[in-house]
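I have placed the structure first, in the form of structure tokens, so that the comments after it can refer back to it.
The values are calculated or read from the model by the stated rules, or taken from the named source; none is laboratory data. Bear in mind the structure is a predicted one, so any value in this text is a computation, not a measurement. FYI the Cβ positions are ideal-geometry reconstructions off the backbone, even for glycines, and counts take in every protein chain you see.
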Amino acid sequence: MSFLKKFWHFIWHEDSFASWVANIILAVIIVKFIFYPALGFLLGTKFPIVAVVSESMEHNENFEAWWEKNKDFYLSINITKEEFLNYPFKNGFNKGDIMILRGAKDIKRGNILVYHSDKHVNPIIHRIVAINDKISTKGDNVAVIQNFEKEITKENIIGKSLFKIPFLGYIKIIFTEIVGGIKNVILS
């Protein structure tokens with residue numbers, strides 16, 4: 001039997017711990033080096049899938065109650081309730097959601113933007129509230145525009161959100177916390 005036939009049998013038919021581990025490794029390799037780059041190419045961004053790791057976009061209540069608490073800010077920058085209701089993700093999204101991104105060629109106020117900031121390790125995922133020479137964003141669950149959100153350049157943009165997959169991002173969050181905990185134990 002040739003090597004490929006043996007390998008095929010090992011991966012698909014053998015019921016052993018080694019086969020299980022090999023399947024996991026193979027799946028990670030296929031996703032990381034084939035699926036993810038191909039999806040990124042199709043969507044026009046190096047990062048087509050991101051996990052939401054903060055609560056900065058959560059509404060925690062229905063839209064009407066959320067708007068009543070936040071309307072003064074949005075009205076002060078000329079965003080009306082009617083305009084906000086037409087924005088993508090008008091009800092925000094939650095920590096643990098997965099966001100599918102595409103390149104940000106045609107951004108406009110109200111879009112959800114993902115970008116790098118020198119002030120944070122993880123990329124930021126917030127709503128665009130102003131576009132002038134530079135872009136300003138704000139988290140729906142944050143009271144004000146923070147300093148790092150006031151002058152976002154196109155070079156910092158990763159992409160804009162197309163849609164979300166609820167809660168699937170917790171896989172990354174939990175894995176990152178486990179790896180971070182192990183790393184801290186090893187370094188202490």
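Would you say Gly96 is surrounded by 18 or more Cβ atoms within 10 Å (Cβ to Cβ), closer than 21 Å to Trp67 by Cβ and small (Gly, Ala, Ser)?
It is false that Gly96 is surrounded by 18 or more Cβ atoms within 10 Å (Cβ to Cβ), closer than 21 Å to Trp67 by Cβ and small (Gly, Ala, Ser).
Give the residues of segment 112-128 that are at pLDDT 95 or above and more than 16 Å from Thr153 (Cβ to Cβ), sorted by residue number.
Within segment 112-128, Ile112, Ile125, Arg127 meet the criteria.
If you go through segment 141-156, how many residues are of a type in the set (Lys, Arg) and under 14 Å from Met57 (Cα atoms)?
Looking only at that region, the number is 0.
It is to be established whether one or more residues within segment 118-132 are farther than 27 Å from Leu42 by Cβ, loosely packed, with under 13 Cβ neighbours inside 10 Å and touching a strand residue (DSSP E or B) at 6+ places or on another chain (Cβ under 9 Å).
no
Which of the helices (runs of 4 or more DSSP H) contained wholly in segment 10-116 include at least 2 residues that are small (Gly, Ala, Ser)?
17-30, 36-43, 63-76
For segment 12-27, indicate whether the set of residues that are in contact (Cβ under 8 Å) with a residue 40 or more places away in the chain and exposed (fewer than 15 other Cβ atoms within 10 Å of the Cβ) is non-empty.
Within segment 12-27, none of the residues are in contact (Cβ under 8 Å) with a residue 40 or more places away in the chain and exposed (fewer than 15 other Cβ atoms within 10 Å of the Cβ).
Sort through Ala38, Ala65 and tell me the only one that's farther than 25 Å from Tyr170 by Cα, out of contact with any helix residue (DSSP H, G or I) (no Cβ under 6 Å at 6 or more places or on another chain), aliphatic (A, V, I, L, M) and surrounded by fewer than 12 Cβ atoms within 10 Å (Cβ to Cβ).
Checking each option against the conditions leaves just Ala65.
Could you check, for segment 86-100, whether at least one of its residues is touching a Leu at 6+ places or on another chain (Cβ under 6 Å) and either assigned by TED's automatic domain parsing to the domain that holds Ala38 or closer than 25 Å to Gly44 by Cα (or both)?
Scanning segment 86-100 turns up at least one residue that is touching a Leu at 6+ places or on another chain (Cβ under 6 Å) and either assigned by TED's automatic domain parsing to the domain that holds Ala38 or closer than 25 Å to Gly44 by Cα (or both).
Which residue pairs have Cβ atoms under 6 Å apart, sit 6 or more places apart or on different chains, and have a first residue in segment 165-184 that is assigned by TED's automatic domain parsing to the domain that holds Val28 and surrounded by 10 or more Cβ atoms within 10 Å (Cβ to Cβ) and a second that is in a helix (DSSP H, G or I) and at pLDDT 85 or above?
Here the result reads none, with nothing in segment 165-184 linked to a residue that is in a helix (DSSP H, G or I) and at pLDDT 85 or above.
Can you tell me which residue in segment 133-164 is surrounded by the fewest Cβ atoms within 10 Å (Cβ to Cβ), limited to those that are more than 30 Å from Glu68 (Cβ to Cβ) and in contact with a His (Cβ under 9 Å, 6 or more places away or on another chain)?
Per the stated criteria, the residue is Glu155.
Quick check on this structure: which one of Phe163, Phe175, Phe167 is of a type outside the set (Asp, Glu), more than 14 Å from the chain's Cα centre (by Cα) and farther than 15 Å from Ser56 by Cα?
Testing whether each residue is of a type outside the set (Asp, Glu), more than 14 Å from the chain's Cα centre (by Cα) and farther than 15 Å from Ser56 by Cα leaves just Phe175.
Filter segment 1-11 down to residues that are more than 37 Å from the chain's Cα centre (by Cα) and surrounded by 12 or more Cβ atoms within 10 Å (Cβ to Cβ), then give me how many there are.
Final tally of qualifying residues: 1.
Determine if segment 93-100 includes at least one residue that is charged (D, E, K, R) and within 30 Å of Glu177 (Cβ to Cβ).
For segment 93-100, residues charged (D, E, K, R) and within 30 Å of Glu177 (Cβ to Cβ): present.
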